[in-house]
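Beneath this line is the structure, given in structure tokens, with notes to follow.
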Amino acid sequence: MKTMNLLVLALGLLVGIACTKDGDSGDPENELLTKLESKASQTVSGNISGGKILGTLDWAWSSSNACFVEPAESRYQGKHIFYQIELPTNSIIKISLIPNDASTAMGLYAYSKASGNVTFPEDLNSAVTCEADPSNNNGRQTGNRSVELNAISNPYSIMIGVAGAEGVEDAGFKLEIEIES
């Protein structure tokens, strides 16, 4: 009887795992993430209205991430939405953010982690590298944004964040992504 109960339990677990959509743990953060194919060139349209306002931005200026500076915090206080893509070894990824309305204040950042790793910003203890559009730190708050990351001896998982500035919760955009090998 004990063996039968264990067998039924194991079968139930397998059925439960098989019925779970890949990457769907019921976590609402999965709804904020779009996984992209690693193609040489692609354009993706999106809107931050489906994103969320992050509870903290401390991760961005911690010394283990150094993504953007604390004085630029208000430029990332709107809604955030995320894209993840794998970057092969010996490659460079160029990401450009083009707001549908050039006068909308938006931010772009991207960070790399070990290949296959998906870590949202508020859980980011450290990154291999993190880059934010430098003009967002230096004063200009509108217009196109761009960042570039590379993978030399290891492949990486790249998390791309698109954020509205403080008070910006609905803004359409295009991401142009190019991978050079």
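For the reader, a short list of remarks on this structure follows.
- Residues that are of a type in the set (Gly, Ala, Ser) and not in a loop (DSSP other than H, G, I, E, B) were ranked within the stretch 152-181; the one that is nearest to HIS80 (Cα to Cα) is ALA163.
- Looking across the stretch 61-91, the residues that are of a type in the set (Gly, Ala, Ser), closer than 16 Å to GLU166 by Cα and open to solvent by less than 20 Å² (accessible area, probe 1.4 Å) come down to ALA72, GLY78.
- Residue list for the stretch 92-112, restricted to those being open to solvent by 40 Å² or more (accessible area, probe 1.4 Å) and part of a strand (DSSP E or B): ILE92, LYS94, ILE98
- Each residue in the stretch 115-145 was checked for being modelled with pLDDT of 90 or more and either in a loop (DSSP other than H, G, I, E, B) or open to solvent by 60 Å² or more (accessible area, probe 1.4 Å) (or both), and 14 pass.
- Contacts under 7 angstrom Cβ, first residue in the stretch 29-55 being open to solvent by 50 Å² or more (accessible area, probe 1.4 Å), partner at pLDDT below 95 and part of a helix (DSSP H, G or I), 6 or more apart: LYS52/LEU32; GLY55/GLU122
- Any hit, the stretch 168-179, residues being farther than 21 Å from SER45 by Cβ and open to solvent by 20 Å² or more (accessible area, probe 1.4 Å): no
The values are calculated or read from the model by the stated rules, or taken from the named source; none is laboratory data. Bear in mind the structure is a predicted one, so any value in this text is a computation, not a measurement. We place every Cβ from the backbone using ideal geometry, glycine too, and count neighbours over all the protein chains shown. Accessible surface is based on the protein model in full, side chains and every heavy atom, while ligands, DNA and RNA are left aside. Shrake-Rupley method; radii C 1.70, N 1.55, O 1.52, S 1.80 Å.
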